[in-house]
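Input: a single structure, listed below in structure tokens.
Values in this text are rule-based calculations from the coordinates and carry no lab data. Every value quoted in this text rests on a predicted model; they were computed, and no experiment measured them. Here the Cβ positions follow ideal geometry from the backbone for every residue, glycine too, while neighbour counts run over all protein chains shown.
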Amino acid sequence: MQKYLSGKTAAVTGAASGIGLAVANSLADLGAKVCLVDLQTGLLEAETRKINDRGNAAIAFSADLSSADDIRTLGEFVGEEFGCLDILVNNAGLQYISPIDEFPVEQWDKLSDIMLRGAFLCMQQFLPAMKTNGWGRVINIASIHSIVASKFKSAYIAAKHGLIGLTKTAALESAESGVTVNAVSPAYVRTPLVEQQIAKQSEVHRISADEVIRKVMLAPMPQKELIEPSEIGEIAAFLCTDAARHINGHNLVIDGGWTIT
């Protein structure tokens, strides 16, 4: 495999599992030194060791993405370990399902703080140096719910819609500096978060997990299969290559045809 990102450094949030881990693996396989960021310390360190055991370079950092202090400390840590950061992938996320009129305000704040405010704070931390260096890539992992809505996910959907607006604004502000800012919006990916939703909907609808996937989750998708995390990892890695240098401010929707019409 050609090391297109050799000499580059990257930080990926929410990297202990799922999409974030897949992105971290893809970037590392292309030669980047990667900092995996997550709150799941044990799992984070185990996955970081696996990357290093393959001959790639990775370090781990435990951080709460809703904390400005933690993100500031992450910036200091990356500076000490890498000198500078070339690639930032904002992936950390979570879900809470409830009707709007029953949605706990503290859960609304938590989702917004991690997925939208956290991405903003990370960009604020790392974008200036990227602009100064004349090269950088920011990739915000959004969701199909950045462009469509569904019931009972108001905080998640509002945060993901907001993330697209943030992506476009940052892309405009960075356009002349050699830095690109893009979003990737996948439909349902086979991640621990989605597996939890499958189990919950199976209980609510009193149908099997396979039926939840086919009849509920994949109902809007002409391609009737879950997306694998590795597919999103490879797409994110492509956006970091020089071949993608003119892709900027774009929301790359990976939805199996969901939004064709």
Length gained if F152 through E80 is fully extended, taking 0.36 nm per residue and subtracting the Cα-Cα distance, is 21.7 nm
Taking the Cα-to-Cβ direction at N52 and at R72 and moving 7 Å from each Cα, how far apart do the two end points lie in nm?
2.9
So for the pair T132, K3, with labels modelled 7 Å out along Cα→Cβ, what separation do we get in nm?
2.7
Using 0.36 nm times the number of residues separating E173 and S98, minus their current alpha carbon distance, what extension gain do you get?
23.4 nm
Given the options G165, G42, G20, state which has the largest fluctuation in a GNM of the chain using a 10 Å cut-off (strictly under) for Cα springs.
G42
Among K110, K131, K50, whose mean-square fluctuation peaks in a Gaussian network model of the chain (Cα, cutoff 10 Å)?
K50
What aspartates and glutamates does K110 reach when the alpha-carbon gap must be under 13 Å and sequence neighbours fewer than 8 apart in one chain are set aside?
D64
Could you name the lysines whose alpha carbon sits less than 29 Å from that of K131, not counting residues in the same chain fewer than 8 places away?
K3, K8, K33, K160, K168
Most exposed first by the Cβ proxy, i.e. fewest other Cβ within 10 Å, how do F152, F61, F103 rank?
F152, F103, F61
Given the candidates L193, I147, N133, the one whose Cα lies deepest towards the positive end of the charge dipole of the chain, counting +1 at each Lys or Arg C-beta and -1 at each Asp or Glu C-beta, is I147
Cα to Cα, under 22 Å, and not fewer than 8 places away if on the same chain: which lysines meet these conditions relative to K215?
K151, K153, K200, K224
Which one, H145, H246, H161, has the greatest fluctuation when you compute a Gaussian network model over the chain with C-alpha springs under 10 angstrom?
H246
Would you mind counting up the charge near P186? Only other residues with Cβ under 14 Å from its Cβ, with Lys and Arg at +1 and Asp and Glu at -1.
-3
Here FRET efficiency (C-beta to C-beta, L193 to E234, R₀ 30 Å, nearest 0.05) is 0.90
